[in-house]
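The values are calculated or read from the model by the stated rules, or taken from the named source; none is laboratory data. These numbers were taken from a predicted model, which means no experiment stands behind them. Positions of Cβ are backbone-derived with ideal geometry, glycine not excepted, and every protein chain shown enters the neighbour counts. Accessible surface areas use protein heavy atoms only, side chains included; no ligands, DNA or RNA. Shrake-Rupley method; radii C 1.70, N 1.55, O 1.52, S 1.80 Å.
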Amino acid sequence: MARTTPHDPPPGDTRPLYGRIAALLLDELRAGTIPPGERHLAAHYGVSRETVRQALEVLRRSGAVATDRRGSHATLPGRPVEAAESLTFPVGARPVDPYAVDRATVTWEAPPPEHARALGLAPHRPTLVHRYRSVTPDGRSLRTAVTSFSAVALAEVAELARYRDRADGATPAQLRRAYDWMRKAGLSLHHQDAITQVGDASSVRVTRRVHDQYARPLEITDLVVDAERDALVYEFTLPAAG
């Protein structure tokens, strides 16, 4: 029986070519049968190297694979789920749709009034504000999030403080390890998540408040998810009983 190729998708499969390549690539990675290198992958699937790069980027964004600095070899990450890097910032920053496109920026501005109150900031006092958006390849919004950081977080977490000088709203913000940075600064994190319906209930809002071991507020995030197109998944790892 002839092997099915990405160019001959089954009926009803409307994914772009790089999306079909991403799915095939992940299956072969798990099976350990994939040839290394973009050039070999392109020949293996009969597609261009650019299509292979797009497929790898889809898998990298979803956390399914990691690539080395040369970009020539893909492997399953194999990272322990309890590693600090597995704490996702902002809340819900891993869309269910593996083909979603994420964009995140930071600004130095007065946060929303409810954020200022939660963080103990004086009205109109500026702080670091992080905005996150996830959309489908055709531009439909899946989820949006706005995060404001407290004065404590910026004073004690050096990696966050460095963003003040480049918080122009245009520079991409790589804050996925924000919770890891807080822990490295000696802060114990307490997360409180509240989930409410929005409007006609086609969307849900998750409000996350994080404070440290001294009950000082560190950040607050408001995430809105389109419940008709997306699903919010919470994942926990509990330590073994000691």
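Some observations on this one:
- Residues of the range 206-228 that are surrounded by fewer than 17 Cβ atoms within 10 Å (Cβ to Cβ) and either in contact with a strand residue (DSSP E or B) (Cβ under 6 Å, 6 or more places away or on another chain) or without any contact (Cβ under 8 Å) to a residue 40 or more places away in the chain (or both): 213, 214, 215, 227, 228.
- Residue count for the range 122-139, restricted to those that are out of contact with any Pro (no Cβ under 6 Å at 6 or more places or on another chain), surrounded by 13 or more Cβ atoms within 10 Å (Cβ to Cβ), under 30 Å from residue 231 (Cα atoms) and not hydroxyl-bearing (Ser, Thr, Tyr): 6
- Top-ranked residue in the range 26-53 [being basic (Lys, Arg) and modelled with pLDDT of 75 or more; ranked as most open to solvent (accessible area, probe 1.4 Å)]: 39
- Residue match in the range 73-90 (condition: of a type in the set (A, V, I, L, M), at pLDDT below 65, assigned to a loop (DSSP other than H, G, I, E, B) and open to solvent by less than 50 Å² (accessible area, probe 1.4 Å)): yes
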